[in-house]
Amino acid sequence: DIVMTQTPLSSPVTLGQPASISCRSSQSLVHSDGNTYLSWLQQRPGQPPRLLIYKISNRFSGVPDRFNGSGAGTEFTLKISRVEAEDVGVYYCMQGRQFPLTFGGGTKLEIK
Amino acid sequence: EVQLLESGGGLVQPGGSLRLSCAASGITFSTSEMSWVRQAPGKGLEWVSSITGSGGSTYYPDSLKGRFTISRDNSKNALYLQINSLRAEDTAVYYCARYCVGGSCSRYFDYWGQGTLVTVSS
């Protein structure tokens, strides 16, 4: 199984400041078709998860451009350029390279 | 508008069984690969199972094989999860989600229901 490890566990951020979350996979997420199936999801308090980013850096429909994904191979990063109050919640990375599908443990974004 | 509406959760005794349902609308259900993902109280997300659009292939993590059965009825736009021999550690919110794969999709969960809570306790 591919293990997804996120850091930090918690990230206190000042409104308007940037935030960064890292995700590492235990093996390369590059599929035999050449694509890297790494996505990011946001879960606001009391809500189901919501897709933010897919294939490392592609923003899903309706996602603000302050959310940006980057990385390659086994190392990935989600950056929020200027944190807003509505960004509070838990962020998860997820690999779709192979079954079993696996998620990172989550990073809690909170406002200082 | 896409809607995934789960039902069937509740309080069940250890060793009991439960069948969860998910009613889908706003998507082409018969060609959508569907999944169940669960979240124990205060914990992270755990993939439970996936099923192809035709229902011909199903997938489970090794840890859940044997007790969990995913199925679908494309004539009713419905997804199901049968859980047997329930244990306390199965207590979680169970989400129905579309796992978008193939075609223009890139292996991600793009639509989620609100979830249904399963509590296993005596």
Go through region B:76-122 and report how many residues are modelled with pLDDT of 95 or more, farther than 24 Å from residue A:45 by Cβ and among the aliphatic types (A, V, I, L, M). 7
Are there any pairs, at least 6 apart or on different chains, whose C-beta atoms fall under 6 Å, with the first in region A:74-87 and more than 11 Å from residue A:15 (Cα to Cα) and the second among the hydroxyl-bearing types (Ser, Thr, Tyr) and in a loop (DSSP other than H, G, I, E, B), and if so, which? A:74/A:28
Within region A:27-46, residues surrounded by 13 or more Cβ atoms within 10 Å (Cβ to Cβ) and within 21 Å of residue B:112 (Cα to Cα) come out as A:37, A:38, A:39, A:40, A:41, A:42, A:43, A:44
Give the residues of region B:104-119 that are in contact with a Pro (Cβ under 9 Å, 6 or more places away or on another chain) and buried (at least 20 other Cβ atoms within 10 Å of the Cβ), sorted by residue number. B:109, B:112, B:113, B:115
Looking at region B:53-82, which of its residues are away from chain A (no Cβ under 12 Å) and closer than 22 Å to residue B:103 by Cβ? B:53, B:54, B:55, B:56, B:70, B:72, B:74, B:77, B:79
Inside region A:76-92, can you point out the residues that are under 15 Å from residue A:63 (Cβ atoms), within 12 Å of the chain's Cα centre (by Cα) and of a type in the set (A, V, I, L, M, F, W, C)? A:78, A:80
Name, by its number, the condition in (1) in contact with a strand residue (DSSP E or B) (Cβ under 8 Å, 6 or more places away or on another chain); (2) within 22 Å of residue B:11 (Cα to Cα) that does not hold for residue B:122. (1)
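Can you find, within region B:27-42, the residue that is surrounded by the most Cβ atoms within 10 Å (Cβ to Cβ) among those that are in contact (Cβ under 8 Å) with a residue 12 or more places away in the chain and in a loop (DSSP other than H, G, I, E, B)?
Of region B:27-42, the ones in contact (Cβ under 8 Å) with a residue 12 or more places away in the chain are B:27, B:29-41.
Checking the rest, the ones that are also in a loop (DSSP other than H, G, I, E, B) come to B:27, B:32-33, B:40-41.
On the way: B:27: 17, B:32: 25, B:33: 19, B:40: 13, B:41: 9.
Ranking the candidates gives B:32 first.
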Is at least one residue of region A:67-76 buried (at least 21 other Cβ atoms within 10 Å of the Cβ), more than 11 Å from chain B (Cβ to nearest Cβ) and over 15 Å from residue A:25 (Cβ atoms)? no
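The values are calculated or read from the model by the stated rules, or taken from the named source; none is laboratory data. Keep in mind it's a predicted model, so treat the numbers as computed, not measured. In this analysis, Cβ positions are derived from the backbone assuming ideal geometry, glycine residues included, and neighbour counts consider all displayed protein chains.
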